[in-house]
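To start, the structure under review is shown below, and the notes come after it.
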Amino acid sequence: MTELVVFSDLDGTLLDHENYSYAPAQPALDALAARGIPLILATSKTAAEVAVLHKALNLGHWPAIVENGAGIYRFGARGADDAPYIAIRAALDALPADLRALFTGFGDMTDAEVTQITGLPLASAKRARQRQHSEPGLWHGTDAGRTAFLEGLAEQGIHARSGGRFLTLSHGRTKADGLRQIAAELHARRTLALGDAPNDSDMLRAADFGVIVRNDHGPGIPELPGEAQGTIRRTTGFGPNGWAEAVLAFLNDTKD
């Protein structure tokens, strides 16, 4: 049995919103490593993107939750199981042509176009397009058309979630599903989850303890069940500063 497993969102949580640095979180990262506590990344990024950061953070053989819970990254796994992504693309192409034309997914774009839309460096955009489980994209039509678009996809088992500028299509798994799966695999006695945005809410509620990292750059997370009881807390610091504050406090509160 694993005493504690920590699950963490990346952008705006472990990574700084502006420069994507995790340097302020290093003392807490070192504390987790010293105690052998698994750190499970939970992100909208693809496995190809996560692999780079996973190595930089020295996370060893721990898995990670990718594409907002749609898939699991396995260190050292050979080959890419992109069958779920192929099924999403097929569902898109099965829609009436007038609806299909109003959605531009990453699979419809070049690396350069993804760079232009996201601001990612070209190499990062290329990794962001190496999708296996979900398809983010832009909707160009009306609200009524969007309703018809989503209904057509739902009939094929495809779910959609809005987040910032993108509408992301998947088979419906969330970060919370990833948390439950990995916690069961690791026989976790307790779980701690940290996030800063609405798409982290399900994961925070699924964990034994949750931390809402302060976010003044987006909509943030509204009050969640558990805050009144103290099982979900909020940080005063932003991004990796708040992350380190929360993790070190939790470790101090629960040390033997």
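Let me spell it out: the conditions are (1) without any contact (Cβ under 8 Å) to a residue 60 or more places away in the chain; (2) part of a strand (DSSP E or B), and Arg161 meets all of them except one. Which number is the exception?
Only one criterion is unmet by Arg161, namely (1).
Filter the range 209-254 for residues that are in contact with a helix residue (DSSP H, G or I) (Cβ under 7 Å, 6 or more places away or on another chain) and within 17 Å of Leu29 (Cβ to Cβ) and give the result.
Val211, Val213, Thr235, Gly237, Pro240, Asn241, Trp243, Ala244, Val247, Leu248, Leu251
Going through the range 222-234 one residue at a time, which ones are surrounded by 10 or more Cβ atoms within 10 Å (Cβ to Cβ), farther than 17 Å from Glu245 by Cβ and among the aliphatic types (A, V, I, L, M)?
Leu224
Exactly one of (1) at pLDDT 95 or above; (2) exposed (fewer than 14 other Cβ atoms within 10 Å of the Cβ) is unmet by Pro84. Its number?
(2)
If the requirement is being under 19 Å from Ala128 (Cβ atoms) and surrounded by fewer than 20 Cβ atoms within 10 Å (Cβ to Cβ), which of these qualifies: Asp108, Asp9, Asp93, Asp98? Give the steps one after another, and end with the answer.
Numbers: Asp9 fails: surrounded by fewer than 20 Cβ atoms within 10 Å (Cβ to Cβ); Asp93 fails: under 19 Å from Ala128 (Cβ atoms); Asp98 fails: under 19 Å from Ala128 (Cβ atoms).
Only one candidate passes the filter, namely Asp108.
Can we say Pro240 is outside the structural domain of Ile117 (by TED's automatic domain parsing), surrounded by fewer than 19 Cβ atoms within 10 Å (Cβ to Cβ) and within 19 Å of the chain's Cα centre (by Cα)?
So Pro240 does not fit the description; no.
When you go through Thr110, Thr174 one by one, which is the residue that is hydroxyl-bearing (Ser, Thr, Tyr) and over 30 Å from Thr191 (Cα atoms)? First the steps, then the outcome.
Working: Thr174 fails: over 30 Å from Thr191 (Cα atoms).
The match here is Thr110.
For the range 177-216, what are the residues that are surrounded by fewer than 24 Cβ atoms within 10 Å (Cβ to Cβ), in a helix (DSSP H, G or I) and hydrophobic (A, V, I, L, M, F, W, C)?
Ile182, Ala183, Ala184, Ala206
Pairs under 7 Å by beta carbon, first residue of a type in the set (A, V, I, L, M) in the range 80-94, partner surrounded by fewer than 19 Cβ atoms within 10 Å (Cβ to Cβ) and part of a helix (DSSP H, G or I), six or more apart or different chains?
Partner pairs satisfying both residue conditions: Leu92/Arg100.
The values are calculated or read from the model by the stated rules, or taken from the named source; none is laboratory data. Because the structure is a prediction, the values reported are computed rather than measured. With ideal geometry, Cβ positions are generated from the backbone for all residues, glycine too; neighbour counts draw on all protein chains shown.
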